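*Asks:* Below is the structure I would like to discuss, written out as structure tokens.
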Amino acid sequence: MMGKRYGVLLCVPLLVGMLSIAPAGTGPLEQVRVTVDEIITILRNGQLESAVKREKISAVVRQKFDFRAMSQSTLSTNWRKASPDEQARFVALFSELLEETYLRRIDAYTDEDVKYVREDIRDTRAVVDTVIRSKTADIPVSYKLVLRSDGWRVYDVVVEEISLISNFRSSYREIVQKEGISGLLARMEEKIQELRSPVSVEGAK
Amino acid sequence: MKHAVSCLLAVLLLYGHWSPVAAEGPPAEPLLSDQAEPPEEFFLDEEEEVRAFDPIEPFNRGVFWFNDKFYFYLLKPVARAYRVVPEPARVSVSNFFSNLYTPQRFVNSLLQFRFRDGAGELFRFVMNSTIGILGLFDPARTVAGISRKDEDFGQTLGRFGAGGGFYMVWPFFGPTNLRDGLGGLVDGFLDPVYYFDIKAWERFGIKALDTVNATSLDKDTYESIKEEALDPYVTIRNAYSQRREGLIRK
């Protein structure tokens, strides 16, 4: 009898321990909410210089997005044809491009209200549906996530039915076909330079 | 038609490619020499990948180039000047047009047996036309929480199994495909403006206002695509196709 009671008592610290390891809300939806809120808070912070903002957001994004998975999925069958070196370079360049693209996009919607609608978990994959409530319409944005040892990581963003990754895949495939992987890498490098330079490209070309 | 216009504005929408994916037989043995790598994973959402059939690509690229000039040298400057109108007023203009185009969404919802959506559109129309003062406001969404559900005849055709056909870019109207282009013509008859007893140029003026107003509210989506994409033509073609297939599925 005593043994049983003590057994229960012994369990308490264990349970408490478990609770603190897995705090309520590490589900994919909660994770997306925390990430997006964090990014929006940084963006709205009027006191930070934009370069600092950039860096802070970059840190958040790199932690929550699985750039390697995104890269594989984007290159698709061409991933296998690439040498390990090319693969590594692609992941690095693609991460930068994606970051740049995603930031610009989210930047435009800083003032809008984001609603977190639902999560759909299947084994190690999940989809989180959100809605950006703009002034004229509701814009559906979904995040696709994969479960890693350190939590859920985003591997695709779908805006108004358009998957970012599958969109990249379509144009990259054509470029690889015409110019090879090295051609693609060169063009990505060029694009990153272009996006970084402060001169707006608007109206050019 | 309205939809085609918003597409031209490249509200992020558009399609996939026709690049013949060389049938690759059994995948070449992947020599995963780098053992440090995590095992290769394929995120086979790829299976459902949408691809555009684009046999007239050179022609389309020509029109794309033309629309690009039209956008940067005429539409956008006009829209920018038009931004002197305070934003709330422009949002109301947008709401007004959206409300005006209810017949298209309502009829196409019914044609697809989406009666809930049809009822939603009807509810929205009644509420926004009265409490929302002739559609200038959208209390149906902001208060009652019922959002607009975009439906058009292209989607109706798609719902009953029609494929997109070939991709095409129209001057001024932008990306479409055979199915959605034909659908747009049918939707023209569901557009109340078509029945207004007004002159052709007045009708054109109304459409121009709608387009300029919508462009003024857009957050430079097309500019972003132009800046970021390695090949904006393919990016938009893919976005259009994905968007349309997604709408049909929903």
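The values are calculated or read from the model by the stated rules, or taken from the named source; none is laboratory data. Everything quoted here is computed from the prediction, not taken from an experiment. In this analysis, Cβ positions are derived from the backbone assuming ideal geometry, glycine residues included, and neighbour counts consider all displayed protein chains. Heads up: the accessible areas ignore ligands, DNA and RNA and are worked out on the full protein's heavy atoms, side chains in. Shrake-Rupley method; radii C 1.70, N 1.55, O 1.52, S 1.80 Å.
*Asks:* Which condition number in (1) facing chain B (nearest Cβ under 9 Å); (2) at pLDDT 90 or above; (3) open to solvent by 20 Å² or more (accessible area, probe 1.4 Å) is the one that residue A:186 fails?
*Replies:* (1)
*Asks:* Give the range A:39-55 a look and list any residue that's without any contact (Cβ under 8 Å) to a residue 24 or more places away in the chain, part of a helix (DSSP H, G or I) and surrounded by fewer than 17 Cβ atoms within 10 Å (Cβ to Cβ), or say none.
*Replies:* Listed by number, the residues that qualify are A:41, A:50, A:51, A:52, A:55.
*Asks:* Within the range B:152-172, is even one residue assigned to a loop (DSSP other than H, G, I, E, B) and surrounded by 21 or more Cβ atoms within 10 Å (Cβ to Cβ)?
*Replies:* Yes; the residues of the range B:152-172 include at least one that is assigned to a loop (DSSP other than H, G, I, E, B) and surrounded by 21 or more Cβ atoms within 10 Å (Cβ to Cβ).
*Asks:* Sticking with this one: Checking the condition outside any helix (DSSP H, G or I) and at pLDDT 95 or above, which residue from B:84, B:93, B:21, B:78 passes?
*Replies:* Testing whether each residue is outside any helix (DSSP H, G or I) and at pLDDT 95 or above leaves just B:84.
*Asks:* For the range B:127-151, give me the residue count where each residue is assigned to a loop (DSSP other than H, G, I, E, B) and under 21 Å from the mean Cα position of the chain (by Cα).
*Replies:* The total comes to 7.
*Asks:* Of these, A:124, A:136, which one is open to solvent by 10 Å² or more (accessible area, probe 1.4 Å), under 21 Å from residue A:71 (Cβ atoms) and in contact with a Leu (Cβ under 7 Å, 6 or more places away or on another chain)?
*Replies:* A:124
*Asks:* Another one. Just a yes or no: is a residue in the range A:103-118 of a type in the set (A, V, I, L, M, F, W, C), in contact with an Asp or Glu (Cβ under 9 Å, 6 or more places away or on another chain), within 11 Å of chain B (Cβ to nearest Cβ) and surrounded by fewer than 18 Cβ atoms within 10 Å (Cβ to Cβ)? Give the steps one after another, and end with the answer.
*Replies:* Residues of the range A:103-118 that are of a type in the set (A, V, I, L, M, F, W, C), as a first pass: A:103, A:106, A:108, A:114, A:117.
Those still in the list that are in contact with an Asp or Glu (Cβ under 9 Å, 6 or more places away or on another chain) too: A:108, A:114, A:117.
After this cut, where a residue has to be within 11 Å of chain B (Cβ to nearest Cβ) as well, the list is A:108.
From what is left, the residues that are surrounded by fewer than 18 Cβ atoms within 10 Å (Cβ to Cβ) are A:108.
Yes, the range A:103-118 contains at least one residue that is of a type in the set (A, V, I, L, M, F, W, C), in contact with an Asp or Glu (Cβ under 9 Å, 6 or more places away or on another chain), within 11 Å of chain B (Cβ to nearest Cβ) and surrounded by fewer than 18 Cβ atoms within 10 Å (Cβ to Cβ).
*Asks:* If you scan the range B:88-118, which residues turn out to be closer than 11 Å to residue B:148 by Cα and open to solvent by 30 Å² or more (accessible area, probe 1.4 Å)?
*Replies:* Result: B:106, B:117.
*Asks:* Step by step: first the residues of the range A:74-92, then only those that are free of Cβ contacts under 8 Å to residues at least 12 places away in the same chain, over 24 Å from residue A:38 (Cα atoms) and not polar (S, T, N, Q), then the one that is least open to solvent (accessible area, probe 1.4 Å). Which residue is that?
*Replies:* A:79
*Asks:* Another question, then. Residues that are facing chain A (nearest Cβ under 10 Å), at least 1 per element: which helices (runs of 4 or more DSSP H) completely within the range B:182-250 meet that?
*Replies:* Hits in the range B:182-250: B:200-217, B:221-228, B:232-249.
*Asks:* For the subset of the range A:119-131 comprising residues that are under 16 Å from residue A:35 (Cα atoms) and within 11 Å of another protein chain (Cβ to nearest Cβ), which member is modelled with the lowest pLDDT?
*Replies:* Among them, the one singled out is A:131.
*Asks:* Okay, next question. Out of the residues in the range B:173-205 that are open to solvent by 40 Å² or more (accessible area, probe 1.4 Å) and charged (D, E, K, R), state the one that is nearest to residue B:50 (Cα to Cα).
*Replies:* B:203
*Asks:* Here are some residues: A:71, A:95. Which one is touching a strand residue (DSSP E or B) at 6+ places or on another chain (Cβ under 9 Å), open to solvent by less than 10 Å² (accessible area, probe 1.4 Å), more than 9 Å from chain B (Cβ to nearest Cβ) and part of a helix (DSSP H, G or I)?
*Replies:* A:95
*Asks:* Looking for something within 11 Å of chain A (Cβ to nearest Cβ) and farther than 15 Å from residue B:220 by Cα - is there at least one such residue anywhere in the range B:100-116?
*Replies:* From the range B:100-116, those within 11 Å of chain A (Cβ to nearest Cβ) are none; that's our starting set.
No, that holds for no residue.
*Asks:* Which numbered condition in (1) open to solvent by less than 30 Å² (accessible area, probe 1.4 Å); (2) touching a Ser or Thr at 6+ places or on another chain (Cβ under 9 Å); (3) of a type outside the set (Lys, Arg); (4) over 21 Å from residue A:37 (Cβ atoms) is the only one that residue A:158 fails?
*Replies:* (4)
*Asks:* Every residue in the range A:169-183 that is open to solvent by less than 40 Å² (accessible area, probe 1.4 Å) and either at the interface with another protein chain (Cβ under 8 Å from one of its Cβ atoms) or over 17 Å from residue A:79 (Cβ atoms) (or both), please.
*Replies:* Once the filter is applied, which keeps residues that are open to solvent by less than 40 Å² (accessible area, probe 1.4 Å) and either at the interface with another protein chain (Cβ under 8 Å from one of its Cβ atoms) or over 17 Å from residue A:79 (Cβ atoms) (or both), the range A:169-183 yields A:169, A:170, A:171, A:172, A:173, A:174, A:175.
*Asks:* Also, quick follow-up: Does the range B:78-86 contain at least one residue that is among the hydroxyl-bearing types (Ser, Thr, Tyr) and open to solvent by 40 Å² or more (accessible area, probe 1.4 Å)?
*Replies:* Looking through the range B:78-86, at least one residue is among the hydroxyl-bearing types (Ser, Thr, Tyr) and open to solvent by 40 Å² or more (accessible area, probe 1.4 Å).
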